[in-house]
Amino acid sequence: MSKGAETRETILSTALAAASTYGLEALSIGSLAKEVGMSKSGLFAHFASKENLQIEVLGTAVRRFIDDVIAPALAAPRGEPRIRAFVERWMDWTQAPYLPGGCIFLATANELDDRPGPLREALVAAQRDWIEALTTATRLGVEEGHFRANLDTHQFAYELYSILLAHHHFDRLLRDPETKPRTRRAFERLIRSAAPIAQC
């Protein structure tokens, strides 16, 4: 890695940690430059604008999400085992040391849900990809016989995503010590609701 690429990676890692805690809007070229030991103009030269920096931070988060959640889960067998891997990996992701404030996508959603523009579009694209991955894994579960043939895979993915949203809320905001077991119970209930109907 070149010196410039290494510096850029350091900036983005620092910015990602800050954004997960305080939000993307709170990112400041000046405070970030001070934290990484650079001049403001030196840091600005890497991104040219605050919006470019924010988009790059989101891109960094997406790459790490793929590396830490998507790719390992895809190594699991198709269907229900893969969905289980997605859920466990996602819960680990929210506790990653480089995300001191938890899932940056969920934190950023509150900032950008009603604000059109490139940053919102980048976040929406990332979340649509994640939901599509859950939907595809569910469809494969139907094909493998893990779930009933008439399962609405989009509804299943919607409910699973909702469980993950609740997990983040109860864990990060409410600091409920029962969050993980409650999440797992809700998940198991959803899995049971999708099981094939026993034939008499």
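Every number in this text was worked out from the coordinates using simple rules, so none of it is lab data. Quick caveat: nothing in here was measured; it's all calculated off a predicted structure. Note that each Cβ is placed from the backbone with ideal geometry, even for glycine, and that neighbours are counted across all protein chains shown.
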Residue span Arg78 to Asp92: 0.36 nm per residue of separation minus Cα-Cα distance leaves a gain in nm of 3.0 nm
Can you put Asp114, Asp152 in order of Cβ neighbours within 10 angstrom, beginning with the fewest?
-> Asp114, Asp152
List the residues of region 79-101 whose backbone N lies under 20 Å from a point placed 7 Å from the Cα of Arg192 along the Cα-to-Cβ direction.
-> 80-81, 83-85, 87-88
Let me have the 222 nm mean residue ellipticity of the chain computed from DSSP H runs of 4+ only, each contributing -39500 (n - 2.57), with the sum over all residues rounded to the nearest 500.
-> -22000 deg cm²/dmol
Sorted from largest down, what three extents in whole angstroms do the Cα atoms of region 104-166 have along their principal axes?
-> 41, 22, 16
Pulled fully out, how much extra length does the chain show between Arg182 and Asn52, if you take 0.36 nm times their separation in residues and subtract their Cα-Cα distance?
-> 42.9 nm
For region 62-111 versus region 33-55, the gap between their alpha-carbon centres in whole angstrom = 27
If each of Lys40 and Tyr161 carries a label point 7 Å out from its Cα toward its Cβ, how far apart are those two points in nm?
-> 4.0
Please give every one of the aspartates and glutamates within straight-line cross-link reach of Lys50, meaning a C-alpha to C-alpha distance under 15 Å, and leave out same-chain neighbours fewer than 8 residues apart.
-> Glu25
With helices defined as uninterrupted DSSP H runs, which ones in the chain have an alpha carbon span along their own long axis of at least 20 Å and mean Kyte-Doolittle hydropathy of at least -0.5?
-> 3-22, 50-65, 118-143, 153-168
Once you have all Cα-Cα distances for the chain, histogram them in 5 Å bins from zero and send the whole-percent values.
-> 1, 7, 14, 17, 17, 14, 10, 8, 5, 3, 2, 1, 0, 0, 0
